[in-house]
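Have a look at the structure below before the remarks.
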Amino acid sequence: MAHPQRFDEDDPVLARVREICLALPGADIKVSHGRPAFFTTKIFTIYGAEANTSEYDQSIVIKPDPDEAEALTHDDRFFTPKYWGPTGWIALDLASAVDWGEVGELVEVSFRLTAPKKLIAKLD
């Protein structure tokens, strides 16, 4: 059974996230569990997340740099997403003021931690 779509194609925040993610080498997009997921051979960013009983439709789920993960969790904009959180992923709420440079950096780190070496080399 397919999951229902859990995003709005016309969402301007999604459009900006899409632009950032698809600018990375070999990146593509698919819908996974009703949400946009950006990937190469593995997912590196998901748009939209849940935490406990709250839904964050305008958020991203990323794999953080292990050295920075703890510091990010002390920032109120970040939360532990259901399903992905137990394996070390975190989510950033994009519903308020957003620093798109920071979003780009976080997405790139997640990309570097999940993408094949040949695609990472294209960034360097």
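Charging the Cβ of each Asp and Glu at -1 and of each Lys and Arg at +1, and nothing else, the dipole of region 19-93 about its Cα centre rounds to 400 debye. For the pair Ser54 and Leu113, the difference between a 0.36 nm per residue extended length and the Cα-Cα distance amounts to 18.5 nm. Rounded to the nearest 20 debye, the dipole size of region 59-124 about its Cα centre is 520 debye, using +1 on the Cβ of Lys and Arg and -1 on the Cβ of Asp and Glu. Computed from label points 7 Å out along Cα-Cβ, the spacing between Lys42 and Leu22 is 2.5 nm.
Lysine pairs in the chain 8 or more apart or on different chains: how many have alpha carbons under 19 angstrom apart? Close lysine pairs under the 19 Å cut-off: 9. Annotation for Thr87 and Thr73: the two label points, set 7 Å from Cα along the Cα-Cβ direction, are 1.8 nm apart.
From the Kirkwood radius over Cα pairs of the chain, Stokes-Einstein at 10 °C and 1.306 mPa s returns a whole-number translational diffusion coefficient of 109 µm²/s.
Dividing the summed helix terms, -39500 (n - 2.57) for each DSSP H run of n ≥ 4, by the number of residues in the chain produces a 222 nm estimate of -9000 deg cm²/dmol to the nearest 500. Relative contact order of the chain: 24 percent, from C-alpha pairs under 8 Å at least 6 residues apart in sequence. Taken as Cα centroids, region 10-39 and region 55-114 sit 15 Å apart, rounded to the nearest whole angstrom. Across the accessible surface of the chain, with the other protein chains kept in place and a 1.4 Å probe, carbon and sulfur atoms take up 51 percent.
Here the label points at Arg6 and Asp99, each 7 Å from Cα along the C-beta direction, are separated by 2.8 nm in the simple model.
Note that the chain presents 57 Å² accessible area per residue, ligands and nucleic acids not counted, probe 1.4 Å.
The values are calculated or read from the model by the stated rules, or taken from the named source; none is laboratory data. Note that the structure is a prediction, hence the values are computed from the model and not measured. With ideal geometry, Cβ positions are generated from the backbone for all residues, glycine too; neighbour counts draw on all protein chains shown. For accessibility, only protein heavy atoms count, side chains too; no ligands or nucleic acids. Shrake-Rupley method; radii C 1.70, N 1.55, O 1.52, S 1.80 Å.
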